[in-house]
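Below: the structure, in structure tokens.
The values are calculated or read from the model by the stated rules, or taken from the named source; none is laboratory data. Since the structure is predicted, the reported quantities are computational estimates derived from the model, not experimental observations. Note that each Cβ is placed from the backbone with ideal geometry, even for glycine, and that neighbours are counted across all protein chains shown.
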Amino acid sequence: MLIRRLLPIILLPIVVAGCVHRIEVNPTPSGQATKMIPRSLQVVVDAPLLEGADHRPGIPLFTWPHKNLEEAVTRYARHRGTFSAVSTDHAELRLHLITKLALSSRQGRYHYQIRLQAAMREQEQPDKTYLAESTAAGSLARWVTASDRDPIESALQSALDNLLDQIESDSSSHIDSNTEVPAPEPSR
């Protein structure tokens with residue numbers, strides 16, 4: 001009788017832990033930089049803000065580790081090639097990024113919206129702010145981790161493409177007037 005009473009208490013943490021999707025993304029730029037900014041960039045990424053439809057019956061929860069988001073954004077910026085160097089260490093320019101992921105369910109499908117709020121700063125200069133958003137449609141059900149990860153990665157890639165396009169369009173405000181700007185390498 002005691003085992004029957006304790007069994008749900010023992011099994012509950014195992015079942016709940018098995019229902020959490022750990023999201024790890026690796027977005028890649030859809031293209032190379034259109035304009036180069038010959039300055040080093042420090043990427044500062046806050047932990048992602050998550051909101052949405054996690055609590056419907058039978059729907060697993062997910063976590064998105066801050067470290068993965070920070071590494072993904074830094075890697076993306078390096079591969080895009082907009083800046084001469086990109087790291088999480090001190091640099092000439094500082095990009096502070098706030099990421100919000102909103103999960104919703106419409107017409108039977110899950111939708112993942114990424115909103116990036118960015119502030120670019122050079123030492124004592126005021127912040128230059130940017131906003132980029134993207135939404136990706138997901139699956140009808142969230143049974144496996146990929147059903148969350150793939151649309152999140154797609155929405156993040158699109159939002160980062162948009163963000164870097166804005167920064168590149170605004171490159172003159174991030175380039176010292178005495179700095180020679182190299183032309184971007186042609187696509188192959």
(message) Can you find a residue that is within 16 Å of SER40 (Cα to Cα) and either aliphatic (A, V, I, L, M) or modelled with pLDDT under 80 (or both) anywhere in segment 157-165?
(response) yes
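Regarding ILE114, is this residue in contact with an Asp or Glu (Cβ under 8 Å, 6 or more places away or on another chain), farther than 30 Å from HIS174 by Cα, surrounded by 15 or more Cβ atoms within 10 Å (Cβ to Cβ) and among the aliphatic types (A, V, I, L, M)?
Details: in contact with an Asp or Glu (Cβ under 8 Å, 6 or more places away or on another chain): yes; farther than 30 Å from HIS174 by Cα: no; surrounded by 15 or more Cβ atoms within 10 Å (Cβ to Cβ): yes; among the aliphatic types (A, V, I, L, M): yes.
The answer is no for ILE114.
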(message) Just the residues that are modelled with pLDDT under 95 and β-branched (Val, Ile, Thr), please, taken from segment 38-81.
(response) ILE59, THR63
(request) Would you mind finding the one in ALA91, ALA102, ALA85 that is over 15 Å from the mean Cα position of the chain (by Cα), aliphatic (A, V, I, L, M) and either under 19 Å from SER169 (Cα atoms) or outside any loop (DSSP other than H, G, I, E, B) (or both)? (result) ALA85
(message) Any residue that is under 17 Å from the mean Cα position of the chain (by Cα) and free of Cβ contacts under 8 Å to residues at least 40 places away in the same chain - is there at least one of those in segment 41-60?
(response) yes
(request) Give HIS79, HIS96 a once-over and let me know the one that is closer than 16 Å to ILE167 by Cα and outside any strand (DSSP E or B). (result) HIS79
(message) Condition first: farther than 21 Å from ALA132 by Cβ and either polar (S, T, N, Q) or modelled with pLDDT of 90 or more (or both). Now tell me which residues in segment 92-119 satisfy that.
(response) GLU92, SER105, GLN107
